[in-house]
């Protein structure tokens, strides 16, 4: 099997953790490294959590690089009310023993991409886009090295989950998102519109727990904690599982309903700062710059995630 070179940029976060585990359970990928960014919790904790997840999967060989500790322009906003004080509240997992790599994530991204063939590496950002934008600003020529960026972020028909207009990952660093969305990289966005169409069920979480493995037990405990917030907010019987949808899209794109659209990032308005303005109907005549997911097949998605967790 020919594997796809993949980099995950992340701010774990329980759903980030599941996305990393799903990628590690997918033989289709050669996971070159994980870069961490401040977002759900501060950088020291996201960097800790990424290593905890790698060790949970017995993959201490995956290098983890710490990146930017704050957004490009704005003050950092975090989400402990969703993810808990550690970002991985739920299971009782040991502190990591594998070290962070000494290179800054932005420098590693630039060096790794410059050394790669054109259009060869897939980048999967599932947190704020600070590291990615800083790498593009530092060395714009890396854009040609990227096969695609598949990111979790944004919302249009569903609105936002931090403000009425803005989803968390884009809200934290809208200026970074603007850099990425105007970079010319082939983009796919998995927004709230898609993730809210595929909700976890208690029965599915119990299937994960019933795997009986360290990964299955820890994942189910993460999800028990994580889904409570969205269930309380939206009054649904289960919560969405945002970030693993990016990994699922890369392997099972047929599970997703998508449209190629022009997407702008609002960076000028206090009222709608961080809004992903999706020209769904082509009203502006601007050329499409992003594949936007609208809906997901929930049964197919959660069968896929379960199977990849079971592989660890």
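Each reported figure results from applying straightforward, stated rules to the coordinates on display, with no laboratory input. Keep in mind that what you see is a predicted model, and the values were worked out from it rather than measured. Cβ coordinates were reconstructed from backbone atoms using ideal geometry, including for glycine residues, and neighbour counts include every protein chain displayed.
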Which of 118, 307 comes first, and how do the rest follow, when ranked by fewest Cβ neighbours within 10 Å? 118, 307
Fewest-first ranking of 89, 16, using other Cβ atoms within 10 Å as the exposure measure: 89, 16
Taking the Cα centroid of segment 160-208 and of segment 20-76, what is the distance between the two, rounded to the nearest whole Å? 17
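Just the number, please: percent antiparallel of the DSSP beta bridges in segment 4-310, rounded to the nearest 5.
Close to 30 percent.
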Starting from the Cα-Cα distance between residue 158 and residue 236, subtract it from 0.36 nm times their residue separation and give me the gain in nm to one decimal. 26.6 nm
Once you have a ≥ b ≥ c as the square roots of the Cα gyration tensor eigenvalues for segment 157-206, tell me rounded if a/c is under 1.5, and otherwise prolate or oblate according to whether a/b is larger than b/c. prolate
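In what sequence do 104, 171, 83 fall when counting other Cβ within 10 Å, fewest first?
Details: 104 16, 171 23, 83 28.
Listing 104, 171, 83 from fewest to most nearby Cβ atoms yields 104, 171, 83.
Express in % the proportion of alpha carbon pairs of the chain at distances exceeding 30 Å.
Numbers: 11693 of 48516 pairs.
Percent of Cα pairs beyond 30 Å in the chain: 24.
Please work out the FRET efficiency for the pair residue 148 and residue 211, using the Cβ-Cβ distance as r and a Förster radius of 41 Å; give the result to the nearest 0.05. Could you put the intermediate results ahead of the total?
Working: r = 31 Å, r/R0 = 0.76.
The pair residue 148/residue 211 has a calculated efficiency of 0.85.
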Which three lengths, in whole Å and largest first, does segment 1-114 cover when its Cα atoms are put on their principal axes? 42, 33, 22
What residues from segment 35-71 fall in the zone where the backbone N is under 17 Å from a label point 7 Å along the Cα-to-C-beta line of residue 89? 39-42, 45-46, 49
For the pair residue 201 and residue 61, the simple spin-label estimate (label points 7 Å beyond Cα toward Cβ) gives in nm 3.8
Please report how far the C-alpha centroid of segment 268-302 lies from that of segment 107-132, rounded to the nearest whole angstrom. 22
